[in-house]
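Written below as structure tokens is the structure these notes are about.
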Amino acid sequence: MASTEKNTGSFALPIKPYITKGDLKPAVVSFLTTVFDLFTSNTPEALDKGGIMAFLILGYPDKKLQDLHNKVLGLLEMEDEEEELSFDQLFDINLNAAKTNEPAFAKMLKNLFDGYHQHAACHAFLSELEKMGLPRLLEPLQIMHGVEENKQKKKENETNKSSSESETESTKEKNSLCLSSLDLVGALEAIASAENIITMAGAGISTSCGIPDFRTPGTGLYDNLQKYNLPTPQSVFDINYFKHNPKPFFHLSKEIYPENFFPSPTHYFISLLAKKGKLTRHYTQNIDMLERIAGVPHDLLVEAHGSYNTATCVNDVCGETFDKVQTKKFVFGDKLPRCPKCDDLVKPDITFFGEGLPPRFNATLKEDFEKCDLLIVMGSSLAVAPFCTLIHRVKENCPRVLINMEAVAESDGGGTPSHPIIEALDEIFKTTKPQQEPFWEVYKEFLVRAMPSMENTTSDGFVFSPKKDAYRDVFLQGKCDETISQICTELGWIEDLNETKQTGDEKLRIIQEKQKNESSN
Ligand code: CNA
């Protein structure tokens, strides 16, 4: 290896000096030749148009992206062979750059080098997807660009952070001001003072009502599905499995259909927050409709995984929809429900694994989480994406309270795994392809599960006390209803809560009585 070259992987990156006697040094020429060779060679490493573009964009980061983009596109689409950008021309461009501005040239070389590696990583990632039979939605260039932008953003955040650290004593101290203590007392103060609370819930808020959750060992549904002889417990809610064998889902639906269940104090607490004007939105994964029944106003409720309130024909062309009464009849009918219009299967509007979330899930996310001043998560393992990623959406100084039997989504293990490419894709879909975001979220969930070999880093999950860097997350361990009663007692809201529950339960009893009479007549 020449002493002027730094061997980094398959490339030899030339180091200074780049030019002698007005010419590019042989090491630089050889480096550039290798890079440019990739544009046309038929080797597995050969670059596509996206690669050329990426190299140029990353190689010349100070140029306007759109200009470069247009220029390169123009070059690539020229039909006349002679008009194509030749190695000689590329060398000339680079030689001139090296002569006129050596530091910029040095930076460009480094960028080309990094760009090549990023491009290779994106290709590897995309070929993994192809192996899994997943559709290819983006080109390596788009992904690389996203990775670059994210890096840039992170850098800017770091800079902002360190400048604000010197302005105020430290970010951590500033952040710790958002809660006086990382315990019940701190949580109580936050609830009392917050004006824009977001609550998130999972099956754990309904277990006390008699509806089993998924994952609690012994009582959870996943431990009690043997009778259906499923390939995996999740298959009962898997759209592909459902299309092939819908019977287990309809059997189970009879058991868990939210007919005779009464909401828990926790459901009524959410309703109480709404009454007090503190609730910005309640996001639930539950399909049991108990939040509706507990009086959480419809406009403040996002049933992220759907509910048994409506049903739809699975035939996309037909797509006939059915109301609550019909859906209930479908669930309790003796036969598999068939669409009266096209005779295809009908499925309650519950989001299965492999399906996108309802459009309502995305509709309010941005504005809600931007203004949120307290996030309360209750009764969820936070294991299902994209729902579990919502906890990262609140601002950095927004307190987050978890009320659960067990600690979940912790930063050092339970958090949503992240990866530079996945992070970049997240950003691209969020900003430029919002209409496809629900699809990406499903896709991502699949990727994270299917690609355990990916270099996962833990993301910004919960950091609870006594961890050193805990500054805003509170974990209140125990049963939701007990913790909620304690919170309401301490805040002087317990009478309000009891009254809300009594009135709600009373209304529900009357409705149930009426329904019973109607069905017996
Ligand atoms: P999960 O994965 O089963 O996790 C439930 C979590 O709640 C666990 O961490 C438990 O430790 C905790 N937990 C259970 N009981 C209590 C309690 N009384 N107090 C405090 N914590 C408790 O369920 P998730 O909701 O996290 O998973 C998402 C799935 C579950 C969604 O797709 C739902 O549709 C699905 N689900 C919903 C229901 C329902 O609508 N009631 C029932 C079963 C499953």
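Among the listed pairs Lys247/Lys516; Lys247/Lys371; Lys247/Lys275; Lys247/Lys278; Lys227/Lys275, those with a Cα-Cα distance over 32 Å are Lys247/Lys371; Lys247/Lys275; Lys247/Lys278; Lys227/Lys275.
I'd like the projected area of the range 342-388, averaged over all directions, using the convex hull of its alpha carbons. Report it in nm² with one decimal.
Values: hull surface 19.8 nm².
Result: a mean projected hull area of 5.0 nm².
Given the pairs Lys395/Lys468; Lys110/Lys155; Lys155/Lys468; Lys276/Lys467, which are separated by over 28 angstrom at their Cα positions? Please report the intermediate quantities before stating the final value.
Values: Lys395/Lys468 20 Å; Lys110/Lys155 18 Å; Lys155/Lys468 23 Å; Lys276/Lys467 34 Å.
The pairs that break the limit, which is 28 Å between Cα atoms, are Lys276/Lys467.
By the count of neighbouring beta-carbon atoms within 10 Å, fewest first, Glu291, Glu495 end up ordered Glu495, Glu291. Expressed as a fraction of 2.2 N^0.38 Å, the C-alpha radius of gyration for the range 303-400 is 1.38. Under a Cβ-Cβ cut-off of 9 Å, what is the net charge of the residues other than Phe464 that fall near it, where Lys and Arg count +1 and Asp and Glu count -1? Surrounding charge for Phe464 is -1.
Given a cut-off of under 8 Å on Cα pairs at least six residues apart, what relative contact order in percent is computed for the range 283-352?
32 percent
Note on the range 357-411: the C-alpha convex hull projects to 4.0 nm² when averaged across all orientations.
Relative protection proxy for 398-407, 200-209, from highest mean packing down: 200-209, 398-407 (other beta-carbon atoms within 10 angstrom). Once backbone amide H atoms are built at 1.01 Å from N, Val377 has Met200, Val401, Leu402, Ile403 as its partners under 5 Å, excluding neighbours fewer than 5 places away on the same chain.
What whole-number value in cubic angstrom gives the convex hull volume per residue for the C-alpha atoms of the range 260-328?
Working: hull volume 6.5 nm³, N = 69.
Taking the convex hull of the Cα positions in the range 260-328, it is 94 Å³ per residue.
Would you mind ranking Cys488, Cys342, Cys122 so that the residue whose beta carbon has the fewest other beta carbons within 10 Å leads the list? Could the numbers behind the result be given before it?
Details: Cys488 20, Cys342 15, Cys122 24.
So the residues, fewest neighbours to most, are Cys342, Cys488, Cys122.
Ranking of Tyr268, Tyr18, Tyr257 by neighbouring Cβ atoms within 10 Å, starting from the fewest: Tyr257, Tyr18, Tyr268.
Computed from the coordinates by the stated procedures, all read-outs in this text should not be read as laboratory data. Treat the numbers as computed from the prediction; the structure is a model and nothing was measured. With ideal geometry, Cβ positions are generated from the backbone for all residues, glycine too; neighbour counts draw on all protein chains shown.
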